[in-house]
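Peer 1: The structure's right below; bear with me while I get my questions together.
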């Protein structure tokens with residue numbers, strides 16, 4: 001999908017439902033609501049509100065963009081299901097993008113270009129000391145970004161230790177800032193320890209509780225910011241990325257393994 005297009009984007013992978021409707025480079029409407037356990041109740045109302053506020057009809061869209069996770073298991077499914085349904089009924093292009101990339105770019109947009117040569121690490125709390133995370137190299141001078149690590153789940157202290165081993169390498173490569181965006185409040189101890197190590201080699205650490213921004217998803221869906229190929233998906237084939245097995249799947253696998261031993 002090219003940058004000169006009209007797209008609507010939605011994401012419900014976190015406590016925030018984020019949405020946006022863009023035409024070319026103009027933001028026509030957006031939504032950002034907090035309703036972690038009620039996304040399913042409000043999502044269609046919010047979508048209708050964006051269409052009404054922008055004066056754009058569903059049939060006038062050239063594409064629908066959705067965050068595909070990881071994140072809240074139920075939350076991810078809500079946006080993906082809504083996007084698939086709309087894309088199928090209206091016969092529109094459907095684009096799935098990483099919710100972690102959306103969180104990272106949401107932080108970059110909020111910081112308004114103050115991250116020259118930075119590593120951006122999005123964080124979604126996954127409980128028990130774990131986070132859903134990834135990593136991106138941002139070069140604001142050239143307005144480009146590349147992915148350094150795929151979306152995955154990891155213990156936060158392990159993740160910080162991994163980056164501590166790379167601090168001198170980052171410094172030598174011209175990186176100035178390591179930015180954590182998202183659920184930083186739940187992992188202050190790990191971030192604080194990492195910050196001490198980073199400052200010892202002359203790197204600044206930024207930790208901000210930025211929320212999802214629908215505009216970030218719309219731009220990612222149009223191939224902006226991140227140097228990754230954007231491919232339209234068949235509405236019936238788009239699959240969420242949960243980054244881990246659900247509790248039910250874990251129990252089922254354990255049951256099958258136990259039965260296999262008998």
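The values are calculated or read from the model by the stated rules, or taken from the named source; none is laboratory data. What you see is a predicted model; the values in this text were computed from it and never measured. Quick reminder, even Gly has a Cβ in these numbers, built from the backbone with ideal geometry, and neighbours come from all protein chains shown.
Peer 1: Output the number of residues of segment 126-156 satisfying the condition of being outside any strand (DSSP E or B) and surrounded by fewer than 16 Cβ atoms within 10 Å (Cβ to Cβ).
Peer 2: 6
Peer 1: Keeping to segment 41-60, report how many residues are buried (at least 16 other Cβ atoms within 10 Å of the Cβ) and either closer than 15 Å to residue 12 by Cα or under 22 Å from the mean Cα position of the chain (by Cα) (or both).
Peer 2: 5
Peer 1: Sticking with this one: Given the criteria touching a strand residue (DSSP E or B) at 6+ places or on another chain (Cβ under 6 Å), modelled with pLDDT of 95 or more, in a strand (DSSP E or B) and surrounded by 15 or more Cβ atoms within 10 Å (Cβ to Cβ), does residue 31 qualify?
Peer 2: yes
Every residue, every condition in (1) out of contact with any helix residue (DSSP H, G or I) (no Cβ under 8 Å at 6 or more places or on another chain); (2) closer than 21 Å to residue 111 by Cβ; (3) modelled with pLDDT under 95, yes or no:
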{"site": "133", "(1), (2), (3)": "no, yes, no"}
{"site": "143", "(1), (2), (3)": "yes, yes, yes"}
{"site": "148", "(1), (2), (3)": "yes, yes, no"}
{"site": "157", "(1), (2), (3)": "no, no, no"}
{"site": "162", "(1), (2), (3)": "yes, no, no"}
{"site": "166", "(1), (2), (3)": "yes, no, no"}
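Peer 1: As an exercise: evaluate residue 72 against (1) buried (at least 21 other Cβ atoms within 10 Å of the Cβ); (2) in contact with a helix residue (DSSP H, G or I) (Cβ under 7 Å, 6 or more places away or on another chain) and give the number of the one condition it does not meet.
Peer 2: Condition not satisfied by residue 72: (2).
Peer 1: Name the single residue that is nearest to residue 10 (Cα to Cα) among those in segment 228-259 being touching a strand residue (DSSP E or B) at 6+ places or on another chain (Cβ under 6 Å) and modelled with pLDDT under 90.
Peer 2: 243
Peer 1: When both residues are 6+ apart or on different chains and their Cβ atoms are under 9 Å apart, which pairs have a first residue that lies in segment 41-61 and is under 12 Å from residue 6 (Cα atoms), and a second that is outside any helix (DSSP H, G or I) and at pLDDT below 95?
Peer 2: 61/5
Peer 1: With 94, 123, 103 as the choices, which residue is under 17 Å from the mean Cα position of the chain (by Cα), closer than 21 Å to residue 242 by Cα and assigned to a helix (DSSP H, G or I)?
Peer 2: Only one candidate passes the filter, namely 103.
Peer 1: For segment 5-28, how many residues are part of a loop (DSSP other than H, G, I, E, B) and either under 16 Å from residue 97 (Cβ atoms) or not assigned by TED's automatic domain parsing to the domain that holds residue 56 (or both)?
Peer 2: Qualifying residue count, segment 5-28: 4.
Peer 1: Something else: Quickly run through segment 182-240 and pick out the residues that are under 16 Å from the mean Cα position of the chain (by Cα), surrounded by 16 or more Cβ atoms within 10 Å (Cβ to Cβ) and assigned to a strand (DSSP E or B).
Peer 2: Residues satisfying the conditions are 182, 226.
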